[in-house]
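Comments concern the structure below.
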Amino acid sequence: MSAPQTYTRPIAGWWRRNPFYRAYIVREMTCIAVIAYALELLVGLARLVQGREAFEAWLASLARPWPIFLNCVALLLIAYHAWTWFEVMPKTLPFINLGGRRVPDRTIVASGAIAAVIASLVVLFAFLYL
Amino acid sequence: MAEPQTRNIRIESLRYAPGADATPRMQAWDVPFTDDMSVLQGLQYIKDHLDGSLTFRWSCRMAVCGSCGMQINGVPKLACETFLRDYMPAIRVEPLANFPIMRDLVIDQSDFLAKLESVRPYLIPQAPRTLAEGPYRQTPAQMDEYYQYSQCINCGLCYAACPQYGMNMKFTGPAALALLHRYNSDSRDAGKAQRMEVVNAEDGVWGCTLVGYCSEVCPKGVDPARAVNQNKIESTKDYFRHLLMPRGSGSR
């Protein structure tokens, strides 16, 4: 028997077809903010190696309106990126049972997110007051 | 008792006849329906009264057989448990995305079925038991570990939802990997080492980028994305086990 003639639809533009796919693409694209901020810190590290003067010039270059604005945007995008990781965290875990009951997915998501907020606050506190 | 109220809805369906059509086309009908009618019943009305050539798969009419999966307004759904009343004034049906179309709403599922077979979807016990030794026993907690993954009805909605499968048909895909996980997490099974070959392969779990839409569209709550992504951890563990103990761990 010969294989039946079939028609395969093109896949191009698949991510535009559905809100779920668009959210996925947004989630993936926010990694650009993570990369950009990592590069910014890397430049800072290089300036630090070059000496005090270079490092302070780098700090001053960031303390202008545009860099502050861009860093705020990056912070929002990175926060969203982090949240999407917690959202998919249950998918990566085996079932967790506590007291004979399965821990619901939303509890896992919430505990991850709360832990991240607490850790961020501790870092912020240490940075500001220690 | 009052007669159920009848309204009209416009049902637009993709049509494709191999040999006659070079590319698919759309055709629409005005279909009378009552509030209790599913999309499947709407299609059956078309076939019985308006156009007998419209081709689609169906069997049980109650979300058990997994035959009537199709794109309904672009979303993979079972036509039998989707109601026309929710789509007034018009609804568009197409064959499940990512699969080759055979005719109208019927897709070619041969690749999907081959993938289900490829994961050794049966219990591979450590040591075979004789009838006299009785059944393999299992606690409710042990059953809980795999129960949801065993609810798959092979409807293919998750493959239609998976862009990675759409872009690379070699990807083993959500349902087959969930089925693999169903057997791997069964306390009576000892076939994990054999199945790791599928998990670790280039087109195994690493073909997944966790879009997660497969779990969203699953009509039976199987959560294939969870099965796939847990096996990324298993695959990583397996990799390091072989790196540290090249001989003797026996799972490749």
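Strictly greater than 27 Å: what percent of every Cα pair in the range B:53-190 meets that?
Cα-Cα pairs of the range B:53-190 separated by over 27 Å account for 33 percent.
Tell me, for chain B, which Cys residues have no other cysteine's C-beta sitting closer than 4.7 Å.
B:C68, B:C80, B:C152, B:C155, B:C162, B:C208, B:C218
Could you tell me which of rounded, prolate or oblate describes the protein assembly as shown, using a ≥ b ≥ c as the square roots of the eigenvalues of the alpha-carbon gyration tensor, with rounded for a/c under 1.5 and, failing that, prolate when a/b is larger than b/c and oblate otherwise?
In terms of gyration-tensor shape, oblate.
What list of whole percents do you get for P(r) of chain B, with Cα-Cα distances grouped in 5 Å bins up to the one holding the largest distance?
1, 6, 12, 15, 15, 13, 11, 9, 7, 5, 4, 2, 1, 0, 0, 0
Please give the helix B:174-184 orientation as an angle from the longest Cα principal axis of chain B, in degrees from 0 to 90, rounded to the nearest 10.
The helix B:174-184 is inclined about 40 degrees to chain B.
Taking chain A as a Gaussian network, Cα atoms linked when under 10 Å apart, which of A:Y21, A:Y80, A:Y37 shows the biggest mean-square fluctuation?
A:Y21
Which of the aspartates and glutamates could a cross-linker span from B:K170 if the Cα-Cα distance has to be under 20 Å and same-chain partners fewer than 8 positions apart are dropped?
Qualifying aspartates and glutamates at Cα under 20 Å: B:D108, B:D111, B:E117, B:E197, B:E202, B:D203.
Compute the FRET efficiency between A:L39 and B:D48 as 1/(1 + (r/R0)^6), taking r as their Cβ-Cβ distance and R0 = 51 Å, and round to the nearest 0.05.
Taking R0 as 51 Å, the efficiency between A:L39 and B:D48 is 0.20.
Give me the one-decimal Kirkwood hydrodynamic radius in Å for the range B:7-107, with the sum taken over alpha-carbon pairs.
13.4 Å
On full extension of the chain, what length is gained from B:F240 through B:Q27, given 0.36 nm per residue of separation minus the C-alpha to C-alpha distance?
71.2 nm
Determine by what factor the alpha-carbon radius of gyration of the range B:153-252 differs from 2.2 N^0.38 Å, reporting the quotient.
Ratio of Cα Rg to 2.2 N^0.38 Å: 1.09.
Tell me, what is the FRET efficiency for B:C65 and A:T107 to the nearest 0.05, using R0 = 35 angstrom and their Cβ-Cβ distance as r? Intermediate values should be presented prior to the final figure.
Values: r = 35 Å, r/R0 = 0.99.
Efficiency at R0 = 35 Å is approximately 0.50.
Please compute the alpha carbon radius of gyration of chain A, then divide it by the globular-protein estimate 2.2 N^0.38 Å. Two decimals is fine. Mind dumping the intermediate values first?
Working: Rg = 22.2 Å, N = 130, 2.2 N^0.38 = 14.0 Å.
Rg over 2.2 N^0.38 Å, computed on Cα atoms: 1.59.
Roughly how tilted is helix A:31-50, in degrees to the nearest 10 and between 0 and 90, from the longest Cα axis of chain A?
Rounded to the nearest ten degrees, it is 30.
Taking only the alpha carbons of the range A:14-77, what extent do you get along each of the three principal axes, in Å, biggest first?
Ordered largest first, the range A:14-77 gives principal extents of 52, 23, 12 Å.
Values in this text are rule-based calculations from the coordinates and carry no lab data. Keep in mind it's a predicted model, so treat the numbers as computed, not measured. Virtual Cβ from ideal backbone geometry, glycine too; neighbours counted across all protein chains shown.
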